Structures are given as C-alpha cells and as structure tokens.
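The block underneath contains the structure these notes are about, expressed in structure tokens.
The values are calculated or read from the model by the stated rules, or taken from the named source; none is laboratory data. What you see is a predicted model, and the numbers here were worked out from it, not measured in a lab. Cβ placement follows ideal geometry from the backbone for every residue including glycine, while neighbour counts extend to all protein chains displayed.
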Amino acid sequence: MEAVLIKSVLIKAVYSLGSACLAWLYRELCRASDKKASQIGGCLLLVQYWAWARFPYLCSAVERGPLMDAYGPPVRGPLSLKWVWVPNKKNRPTHIFRDRYRQQIVSMLPGQVVWQPYEAELEDLPPWCVAGRAVWTAMVPLVCFHLVELHTPDRVVRQFGMIQEIPRDVDTNTVLHQIDLRGKVGVNWMQRHAMHIMEWGNRLQRHCEVVLGDMPPQHEYFDWFKRITRRFIDIPGARLIIMIEGYVRLLRRHPVGTEDHKDITDVLKAV
C-alpha cells in the first residue's frame, strides 16, 4: 500500500491522498468511539491541529519560535507548523487534562468557536493548495483501498461561511464497516468499490446547495441540535449546565432593576 502511494506522489497525482487520509481517520475515530476500545490509529496530528484551530481555548499558549537559525529566517512551512511551539505538558497526570478539557468544552460559548480558522491564509497559499476547493463541500464517499467513509459536509457548512439548515439523516453503513483486510489478499478493491469510486468521480456535481451568511441566533437549527444531540459529557458538566439554564429561566421572570434580578445575575457571573 505504501509503495503505491509513494509512487503516486513521486510520478504524478493519481490518487487523492487527502481524501484517503480522511477515510482512514474517520474509520479510526468511529472505532475509538466504542467504550471498549483502548487504541486509535489514523492521522491523529490532524485531529489535534483541527481542535486547536477551531477551539483555541483548548490549546496552551503558543510560544514564539526563533526568528533566525543557522541558515537565516525559517522557510514558511505548513500552517500547522505554528503549533510546534506549543509547550509540552506530557509529564502531568492524564486525568487532570481530561477533567479540564471536559470542563472547558461543557462551558464553551458560541463565540469561542472559530468556524473558519484558515480564511485569512487562503489568499496567500499557492494555487495548488486551493485547486481542490470546489471539492471541499462535496457529499461523496471517501475511499482508501478497503475503507469507504461518507463525507457529509452538509452537516457542518458553517466552516465554509454558510448558514446551517437542519441536515438530512445519515447513519453508519454497517456492511462497509464490517469489511477488513483479513483473508482478502487477492481482492481488487477498485472493482469491489466501483460504485463508490464512480460517486467520487462525480464529486464536482455533488456539492452542498446552501446559502452564504451568518447564523441568526433564533434559527431553528439550534433547537433541533439541542433536541437530538448528546449535550453532556459527564455528570458534573450536566449539573453545571442544568443549573445555569435554570437560573437563566428565573432571570427572565424578574424585571431588570429588581433585587432578585440582581442576585441571579451575580450568580450567573460567578459561574
């Protein structure tokens, strides 16, 4: 497998390596969501950088790298290179980080999410970096040899500056997820997944049809999302959110300027 991919890179672009990488990562994230799982594979650096870019409050302060080295100013590298200078805290107990991350995620506010972290850099990138921009919103299968994973950008179109509507239902294809490489040395995956590869070939005709713009806070999507999603990570976080929501409801019952309104406001500011 590795030899085929290396040959593709060195000779000519035969394969879409980015989509194959995502297919592999999506499958590993799915496996890791099983509470009995103890391991995970895939391009985990991509997940880490994805999280730091969109939820910067989860990332430690980025230290300033050297302006000069033995060969002069550093060559501009990938955008993720800036996170090389995030301090390493691997010697701290794991449970401290876990509890802290859970607390931060539970108390996250809408304004803390950076939906388009690379928008400012896109104009400065070389053309080959953005040549596939039309595919970013394509609703197609991602194929990596025996792996097939659905790409459903219509569920998170805010990352493209679009208004998120209530998306269509999507479920895991259990038949595809049962396929592995055991005993399949001679399988021709191009033939086996011909239908999915054909869908991928039509990717330019399968992009999201949505509207550009900002999300109004009263949009019906937010009520739908709260109704169908798993809102809480753990019991302490659930208690905090339920308490805050209760105080907010109480606050609406008391006119501004009253003693009760002031007391409830003070409590909300404290939490």
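Quick notes on this structure:
- Filter result (over 30 Å from residue 225 (Cα atoms) and surrounded by 14 or more Cβ atoms within 10 Å (Cβ to Cβ)) within the stretch 154-186: 179
- Considering only residues in the stretch 84-120 that are at pLDDT below 75 and assigned to a helix (DSSP H, G or I), the one that is surrounded by the most Cβ atoms within 10 Å (Cβ to Cβ) turns out to be 85.
- Residues of the stretch 135-158 that turn out to be touching a residue at least 40 places away in the same chain (Cβ under 8 Å), of a type in the set (Val, Ile, Thr) and under 14 Å from residue 207 (Cα atoms), as a count: 4
- Filter result for residue 179 (under 26 Å from residue 112 (Cβ atoms) and without any contact (Cβ under 8 Å) to a residue 40 or more places away in the chain): no
- Answer from 189, 200 - the residue that is in contact with a Ser or Thr (Cβ under 8 Å, 6 or more places away or on another chain), at pLDDT 90 or above, within 18 Å of residue 149 (Cβ to Cβ) and surrounded by 10 or more Cβ atoms within 10 Å (Cβ to Cβ): 200
- Residue within the stretch 64-71 that is at pLDDT 90 or above, small (Gly, Ala, Ser) and loosely packed, with under 14 Cβ neighbours inside 10 Å present: no
- Pair list, Cβ under 6 Å, 6 or more apart: the stretch 32-60 residue free of Cβ contacts under 8 Å to residues at least 60 places away in the same chain, other residue among the acidic types (Asp, Glu): 40/28; 41/28; 42/28
- Within the stretch 11-44, the residues that satisfy the criterion of being more than 19 Å from residue 233 (Cα to Cα) and at pLDDT below 90 are 11, 12, 13, 14, 15, 16, 17, 18.
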